[in-house]
1. Using +1 at the Cβ of each Lys and Arg and -1 at the Cβ of each Asp and Glu in the chain, identify which of Val121, His234, His63 lies farthest towards the dipole's positive end.
2. Of Lys27/Lys210; Lys149/Lys249; Lys210/Lys246; Lys210/Lys249; Lys135/Lys200; Lys26/Lys66, which sit over 26 Å apart, Cα to Cα?
3. Enumerate the amide H contacts of Ala179 below 5 Å, restricted to partners 5 or more residues apart or on another chain; note that Pro and chain-start residues carry no placed amide H.
4. Between Glu114 and residues 5 or more places away or on another chain, which pairs have amide H atoms under 5 Å apart, with H built 1.01 Å from N, and which residues are they?
5. Arranged from highest to lowest average of other beta-carbon atoms within 10 Å per residue, in what order do the peptides 74-86, 18-30, 228-240 appear?
6. By average Cβ neighbour count within 10 Å, what is the ranking of 53-65, 35-47 from highest down?
7. Say each of Asp212 and Gln61 gets a label point 7 Å from the Cα, pointing the same way as Cα to Cβ; how far apart are those two points in nm?
8. Using the basic label-point model (7 angstrom from Cα toward the beta carbon), what is the Lys200 to Val121 distance in nanometres?
Amino acid sequence: MLKAIEVKPEDITYVTTCKGRLHHLKKTLPKIVNQSLGGMIVVDFDCPDGTGQWVKENFPQVHVIKVNAQPIFDYSRSRHIGGHAVKTKWIAFFDADVLVSEHFFEKMAPNLREGAFYTPVSDDGNTWGSCFVEKKLFDRVEGYDEAIKHWGGVDTALYNVLSFIGARNESYDGKLIEAVQHSDEERLVFTNLRDVNFAKQLATIYEICKLDIMRIEQTLLDLEFRITLRQTTHNALVQMIESSSKTTKFSIELPSKTLVRPSLGKKITPTVKRTLSFEIQIG
């Protein structure tokens, strides 16, 4: 049973990021600023629209974090930066294009429970990243997965590691929020991707492999290993597409294991090297 605690809007900090989405933020941020939150953070990730300056001039109560010299929009790192600056017990992560209803946070706050994170129930996949998570849980899993350097899969990756450490995935009414509609081309403007389907396929493959390895190792994976895993899955998918194949195989080397047994002696104690193999099938 989840622990019942009294949560108020002032226990929540709203975090959003912006790169080339000021036209969206001008619609969404005004609906946030009067909702009595404990904090509001906008991460200006080298936005060419001058987002940080606009926020400071129009909503000085909002904390702006300016990140310079970032031609590619790193969704994970930008949210990571915002999340780690939060001082309240709860974080509300919302994209710059997500509109919230009147009194949204007043309605949500009393329903939040310790040990859980909250995602919307909605037919609109564009709001899937609109979540509430305890700050201590966010810090425990080290935030968003920075091995994911472009659009696609970062929200699911966070939810997966939160579930892995035992946090409960609770839901809230997705009708209380709405995404500003825009094209897939706009999603990819500041990325090195040109194919949304490729991004979704890569995200799926990477998460399945990562979760399998986490279960085997019974621990979260460090960033260096995740970067290697991400690159391996990326290369495998690219090779399959370029060869017009419907299947491909690849392997991941896991950390070696040595079980120290003094009775064997150091010279004959075995070290076990482990490799995990995967096969991708599409179509």
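1. Farthest along the dipole direction, towards plus: His234.
2. Lys27/Lys210; Lys135/Lys200
3. Those qualifying (amide H under 5 Å, at least 5 residues apart or on another chain) are Leu99.
4. Sorted by chain and number, the residues that satisfy this are Lys3, Ile5.
5. 74-86, 18-30, 228-240
6. Highest to lowest by the protection proxy: 35-47, 53-65.
7. 5.1 nm
8. Taking the simple label geometry, Lys200 and Val121 are separated by 2.3 nm.
The values are calculated or read from the model by the stated rules, or taken from the named source; none is laboratory data. All figures in this text were calculated on a predicted structure; none of them were measured in a lab. Cβ sites come from the backbone with ideal geometry, for glycine too, and all protein chains shown count toward neighbours. Ligands, DNA and RNA are stripped out before the accessible areas are found, and what is left, the full protein with its side chains, is counted by its heavy atoms. Shrake-Rupley method; radii C 1.70, N 1.55, O 1.52, S 1.80 Å.
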